[in-house]
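A.B. asks: Take this structure first; my questions come after.
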Amino acid sequence: MEKQLFEVPAIAMGELQFKLDKLSKKAKKAGTSDIKLIRVGRRTDKDGSQICIVAIEGEPVKYEGYTFLARLDHNVDPSGESNLVYSMPGEELTEAQRSLGANCEHCGWKRRRKDTFLMRKDDDGSFLQVGRTCLKDFFGHDPAELVRRAQYITRVIDEVRRAEHPAEAYLSNRRTVDLATFLGYTLVAVGAYGWVSGKEAFGDPDRHSSRDMACDAMFRWPRPDPAERPSSEQMETADKVIEYILTLDPKRSDFNFNITQLAKLEVIDYKATGIAAAMIFCYNRHLEQEAAKASAPKDEPANSEYVGTEKERLTLDVTILSSRVQEGQFGYYNITRMLDAAGNLFVSFGQYSEDTGAKVTVRGTVKRHQDFNGVKQTVLNRVMAA
Ligand SMILES: [Zn+2]
């Protein structure tokens, strides 16, 4: 069955989720099964802002052979022309059903009624409209669960509809933040000013952290110019950032643990935006490392020749092929393999280490020339950055 879809500005998703969580807690206390907001997609609006497309999901409510479909709020117009329709999750009414008059098929008495309930009879699929005040009479007892459910869905839908056209007050509630949207705004800030950590900005009135800039633009009213809002490309990058963060090993450090926990959430606490912003820093560093790896020569240099003579001190422009830690008899040391522009291979065993792919100038003393698996390599001592 077609889902009823809503379009909520991405910046309003945080506050909306906060409000729905509160309703959900109340509903659980009352014993009603949960109604959840699910994200179906995202699009860019005419003015460049991001819109989340959401649907409401929940268990159908069946009651004594009937499935509850919708509550119709007839307001003050019994003709049905101005009904407010609150469909249950997964139920889509026909055009005719949406504009049913304030009628009750139970008592047949057309009168001014605010609410009617639309139900489907499970055994023959027929529809039935019963006035809210006649439900008790119809079932022979008070269908409390049905009424609670109707109230719950009404509030949820009202909240979602309010979020579709958020007012200033709605957006200025900095309690909860939509994670992907916040990352989008952080990408805008980092793109414009580079990454600025909270530590760097602290105590310097002329500098603002990437997180503060992102929060400022995200919650600003009137809304910032399109150039200060994340583009659809930046929002796609925000999704990639979250995907990447989820691949990190949470056991490696407290920081990794916190950041991966946050990445699992769609909406985060405002206080956690500092850690969330660091996701962009981690992702950018990851991209830089990937790029360095890709530009580094992959295979063993087949045409490597010996360089220098024993004990000669050389100054070399090299690219780091690899640098790894090895445990030896006297503790730890690094094995660093380097390649010069002519394709000659150098190896250092000792203190020196550098990021893979780094292009550096080093000084080192030739220890010996060595054939290693058919490749001529020059082993260097006392290597240091020049
Ligand atoms: Zn009735």
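The values are calculated or read from the model by the stated rules, or taken from the named source; none is laboratory data. The shown structure was predicted, so the numbers you read here are calculated from the model rather than taken from an experiment. All Cβ positions, glycine included, derive from the backbone under ideal geometry; neighbour counts span all protein chains shown.
A.B. asks: Looking at Glu57, Glu91, can you tell me which residue is among the acidic types (Asp, Glu) and surrounded by fewer than 16 Cβ atoms within 10 Å (Cβ to Cβ)?
C.D. replies: Within the list Glu57, Glu91, the selection yields Glu57.
A.B. asks: Against the definition (modelled with pLDDT of 90 or more, more than 13 Å from Ile153 (Cα to Cα) and not hydroxyl-bearing (Ser, Thr, Tyr)), how does Met1 come out, yes or no? Spell out how you get there, then give the answer.
C.D. replies: Values: modelled with pLDDT of 90 or more: no; more than 13 Å from Ile153 (Cα to Cα): yes; not hydroxyl-bearing (Ser, Thr, Tyr): yes.
So Met1 does not fit the description; no.
A.B. asks: Which condition breaks for Ser87 when tested against (1) in contact with a helix residue (DSSP H, G or I) (Cβ under 9 Å, 6 or more places away or on another chain); (2) closer than 18 Å to Arg148 by Cα; (3) near the ligand (Cβ under 9 Å from one of its atoms)?
C.D. replies: (3)
A.B. asks: Identify, from the list Glu354, Glu312, the residue that is crowded, with 17+ Cβ neighbours inside 10 Å, acidic (Asp, Glu) and either outside the structural domain of Asp178 (by TED's automatic domain parsing) or touching a residue at least 12 places away in the same chain (Cβ under 8 Å) (or both).
C.D. replies: Glu354 is the lone residue from the list that is crowded, with 17+ Cβ neighbours inside 10 Å, acidic (Asp, Glu) and either outside the structural domain of Asp178 (by TED's automatic domain parsing) or touching a residue at least 12 places away in the same chain (Cβ under 8 Å) (or both).
A.B. asks: Can you name the condition, by its number, that Val241 falls short on among (1) out of contact with any Ser or Thr (no Cβ under 6 Å at 6 or more places or on another chain); (2) surrounded by 14 or more Cβ atoms within 10 Å (Cβ to Cβ); (3) farther than 27 Å from Leu37 by Cα?
C.D. replies: Against the list (1) out of contact with any Ser or Thr (no Cβ under 6 Å at 6 or more places or on another chain); (2) surrounded by 14 or more Cβ atoms within 10 Å (Cβ to Cβ); (3) farther than 27 Å from Leu37 by Cα, Val241 comes up short only on (3).
A.B. asks: Going by the conditions given, is Arg285 closer than 30 Å to Ala358 by Cα and of a type in the set (D, E, K, R)?
C.D. replies: Values: closer than 30 Å to Ala358 by Cα: yes; of a type in the set (D, E, K, R): yes.
Yes: the conditions hold for Arg285.
A.B. asks: Is it the case, given these coordinates, that Thr116 is over 19 Å from Phe6 (Cα atoms), of a type in the set (Val, Ile, Thr), under 41 Å from the mean Cα position of the chain (by Cα) and at pLDDT 90 or above?
C.D. replies: Yes: the conditions hold for Thr116.
A.B. asks: Then there's this: For the range 101-211, please list each of the helices (runs of 4 or more DSSP H) lying entirely inside it that holds at least 1 residues being away from the ligand (no atom under 16 Å from the Cβ) and of a type in the set (Val, Ile, Thr).
C.D. replies: Answer list for the range 101-211: 144-164, 179-193.
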